[in-house]
1. What does the charge dipole of chain C about its Cα centre add up to, to the nearest 20 debye, if the Cβ of each Lys and Arg holds +1 and the Cβ of each Asp and Glu holds -1?
2. Can you give the % of DSSP beta bridges in the protein assembly as shown that are antiparallel, to the nearest 5?
3. Take A:L65 and A:A91, extend 7 Å from each Cα along the Cα→Cβ direction, and tell me the distance between the two endpoints in nm.
4. Express the relative contact order of chain B as a whole percentage, based on alpha carbon pairs under 8 Å and six or more residues apart in sequence.
5. Looking at the calculated P(r) for the protein assembly as shown, what percent of the C-alpha pair distances fall above 55 Å?
6. Between C:W180 and B:Q376, with labels modelled 7 Å along Cα→Cβ, what's the label distance in nm to one decimal, could you check?
7. Just subtract the alpha-carbon distance of B:F298 and B:T168 from 0.36 nm times their residue separation and send over the number in nm, one decimal.
8. Just tell me how shielded C:291-300 is by partners: mean number of partner chain Cβ atoms within 10 Å of each residue's Cβ, no decimals.
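Computed from the coordinates by the stated procedures, all read-outs in this text should not be read as laboratory data. This is a predicted model, so every value here is computed, not measured. Cβ coordinates were reconstructed from backbone atoms using ideal geometry, including for glycine residues, and neighbour counts include every protein chain displayed.
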Amino acid sequence: MPPAGAMPTGEPPLPVGDDVEMIEGRSPWYLAYIRLRRNKVALAFGALFIVIVLFCLAAPLWSHLVAHTGPNQNHLTEKIDIGGKETFVVAPNGIPIGPGLHAKFLLGADDNGRDVMVRLMYGGRTSIYIGVMAAFITTFFAVAIGLIAGYYRGWTDSVLSRVLDVIWAFPVLLLGIALGTALSVGGLKIGPLEIAGNSLWIPIIIIGFVYVPYMARPIRGEVLALREKEFVEAAIAQGKGPIRVMFSELLPNLISTIIVFFTLNIANNMLLEAALSFLGAGVRPPNSSWGTMIEEGSDRIVTAPHLTLVPVLMIVLTVLALNVFGDGLRDALNPKAKIRMEH
Amino acid sequence: MRNLRKIAALAMATALAAVGLAACGDSGGGGGGKEGGEVAGTVTSFPDYLDPQLSYTLEGWEGINNVYIPLLTYQHGNGEESTKVVPGLAESMPDISPDGLTYTFTLRKGMKYSDGTPIKASDFPYAIQRLFKLDSGGAPFYEAIAGATDYADGKADSISGIQADDQTGKIVVQLEHSSGTFLNEVALMFAAPVPQSTPLDKDQTSTPPPASGTFMISNSDPPNSYTLEKNPQFKTVQDAGASDLPEAHVDKVTVTQNKNQSAQAQAIEQNQSDFMVDPPPADLLPDIQNTYSDRFRFQESINTYYFWLNNTKPPFDNVQVRQAVNYAIDPAALNRIFGGRLHPSQAILPPGMPGYEESNLYPGPDLEKAKALIAQAHPSDMDITVWTDDEPDRKRIGAYYQDVLNSLGFQTTLKIIGGDVYFTTIGNLSTPDLDTGFADWFQDYPHPNDFFGILLAGESIHPTNNQNFSQTDIPDLNKQISDLDTKQLTDPGVEDGYAALDKSFMEQAVWAPYGNEKFTTFTSDRVAFDDVLFSLVFNLDYSSFQLTD
Amino acid sequence: MEGMGRFIIRRLVGMAAVLFVISILVFLIFNVIPNSDPAQRIGGKNANPELIARINEDWGFNDPLPQQYVSTMKKVFTGDLVSYQNQRNVSDQIEKGIPVTFSLCIGAGIIWLLLGIVFGYLSAVKAGQATDRSLTILALIGISLPVFWLGLVLQYYIGNKLGLFPIGDYVKFTEDPLQWVNHLILPWFTLAVLFIGFYSRVLRSNMLDVMDEDYVRTARAKGLSERQVRLKHVLRNSLIPVITLFGLDFGAVIGGGAILTETVYNLPGVGQYAGQSVASLDLPPLIGITMFGAFFIVFFNTIVDIVYAYLDPRIRLGAQAA
């Protein structure tokens, strides 16, 4: 390298120092990141979701340090101090106390005298866990099916598309209820695979399964489009096997789509879980979720509205947060994206 | 029997859309209202059956007790009056032989069913035969009839112990042992005669048999609705001298199923519906008590709520462990779940039942004492399954009970089963892990043997359709049950005998009972509220409905 | 239109194939997978040994699996499915429930389609502004509100407290058209809220994409007013996916998706029948209703495909199925 300051004849000086970075090419990821950063609203809602998750994860802390009770402990005949007065947690006529500024029962109590705040946090863990796990299942199968169908086309594609049609055609709620109730009694037993009737995995599998077509179709569409592109044809011509092509050429270009769908899918899963749990076909005791809390509170819409309002609010906030952030992600990753999830 | 409420609220409010006064004899009062018109009511769960030989729930009996009249019946009235057995289709109370084994009835003359078929004496044994052919839950009540078990087992073509003469109307029933409850059992729906054209072994809920009561079922559309209309042939029964059977005031009663109990109560508030079979939900109760107190009231009911404890295997095969449970549960806490309508009690018999005495065997709740007892007993198996059904209040009861058991150191699994199949599930002895769970029992008739004989006698343990969920089989107490059963309630010392029996069972802690639920009555303002009758056996008396002027 | 004819036939064959596979799955799900005795489950709460033996014979549970499948499906298609709980024929019950479910779904469908389009249009046109933001948030709230909870709340506050509409129950159109409407208004809105949210977002998203398309720019360049551009080109083209979505959703809602609304408002439709059967684990109706539901979904799916193909020649001429 010529000594700094030396002037090679006839050519302009090479840029040095900070300036070099300014003309480096920026990866699409970095650009996406910048776009996302500019979208304050999306970021705010994304943060909201993180806050909600942290809130729920903090359940044991709150339960031990502040409320001094577990989520399933009944306090039917106990009293607490509200504004200097000793009040029954559950009045003799069965009406529980509502939210207020007291460390115990911050959000009030339910019919069994359980602490709603604590249940909300623990229930949120279940709901979010189900939402995320089911999203993993959906994504895995949707990507697999979409890749295979889109890559091989022809016969394989026809068959797989029909399979998607079949899943799509199932009356979702009915299927969920029927499976949920039928499996809850004896559990699931397919060959070596055995799952207990009240395991969380039963609703997770059902919910994950149900949404596969919603994600698989758009992914298949994208793969079909990508398939035609030169770099893919080049890779195939180079003799790369299907798996390598899928992983090294196709999949990387799908990541943005996958990320967006994954995010939106979590929201849908949580909604479906609430519906199934309300019908008694989702989360089963002793587990509780926001869905089961709504079902339990539905008997007290008049005298203890907080029992339903609180979990409904949490679901609305979480779904809202995921959707707005997901939209923001979509806009950031692909500003001209034509991808849209059918639901 | 049990109550099939689906989305039951805590309170068992029985909406009484009672109208007018129920005729018959003594009740006097009322009479304010007009004749005719229609009332419409709702029920949360359609009756299990509308077939008199099969129906075994409050919903069913409430619907059909004015449609099918047995040889004897329960007097129409309020409270205790309603537990008196009086003649129905029979001319009078039967002649009973001195040894208590032979009952002779005489059928009234000239009566017809709603379709014009004459009512015959042989229709009575036909009805009893149906009980066995249908494998009815009520069949065990009549096994004491000579030849009944032979018939049930297929060894005979008819029941040898019943002789019926269609010419004279005489019906003679031979029992295998004397019974203090047989009269009560003859007055149950199960023994209501039906025409012999009724299929012997098929449930007739969709096509109910012709009626002998003041109402007939003019339409049956399970599980959506059924309709009662005035039976045009009821005159023949009245003319034959049945003065204890009141005539209905309204022309038509429709009962429609609505799973949304809150909507049912709101419909009555808005006068869009006239009565509800079940209680308004606890959520609306304060509102209703305040705003509609002129058409709402509480009612007594004879029932006990309890937790059964499997006496045959660890850990509850140990009496100390069972006693621990009785010390640990808190009826006052459970009362909250019942919206304050529970009368806390840790006895087997409920108040209102002869032989009831307040119990103080397990003052508490005393968790320390309970834990001490368990430590002493040192049970080998602390892993238990707790059962309950899926009605909202039952789930809450289950959640409370599970919490209590957990605090005693048990490892519990809560199993929630659909209300429709809960009792058959826990009543099927081949179901695994039957450790403890929810149960209730509403009297079939006001006699303590309805509790002891059916729920706690060793011989009442059946492999399916079992009601003795604790599988209690204590030879000493079994003997006391059968002894007392042969006597009449009015005999000296019998009531005390039952009280002592209650105490003995509770000393053995075969159950963990916690109380008796009160009902309520709630009607629209179209209905003459003060005249609505509420029977302790059949609940709402539809024949007492009357529209206000 | 020869291409169209062949396309239709292909889709109909596909429809039959899908229904066939669904029937196998229904059979597996209801009879095989759950870890309990199918005859016992079908027999219901009063199953005695004779009944169980009869069921085993009727349904062929003692036969090899393929034969079992055939007997189950024969029952479904010959309308021979009978519930052992209450001796009612399943097909009859479903038939009785159809007018109610259709009344609910068609009314709700019209409402959600219209309002969804209106809100979506407004949202897209005012993209990024306050109107858009608030409509989006409203839509998202609508999507996340549990239907049953909403139903209960509306029923109590609007039906009871304000007394504006009846609390529930169904009045036949033939008996009293005005009351038929009156009793259905709350259920219509309850069911529609969720979809209004979806549809407005879908339409908004479509319109925004379309507005960037070349042909739209061309239309503007040609001098059409912005409004004309929006209505004639953007909206029309954005509607196509929305309409196809509507077809699918409508099929799904008829096929039992209205369980919750029907239960809350006590409407005796197919959804409520499904709910009752689920509560009592009554299998024959569940099998019948699932097949019924699947049929409608696949049927509408196919109609939608055919209509889409008709509107978009590329698809029907294309090598791949849509």
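1. Numbers: 25 positive and 23 negative charges, 241 e Å.
Its charge dipole is roughly 1160 debye.
2. Values: 61 of 82 bridges.
Once the DSSP bridges in the protein assembly as shown are tallied, antiparallel ones form about 75 percent.
3. For the pair A:L65/A:A91, the computed spacing is 3.5 nm.
4. Values: 1371 pairs, mean separation 149.7, N = 549.
RCO, chain B: 27 percent.
5. Details: 187973 of 736291 pairs.
Result for the distance tail: 26 percent.
6. Result for the modelled spin labels: 7.3 nm.
7. 42.2 nm
8. What the average comes to for C:291-300 is 3.
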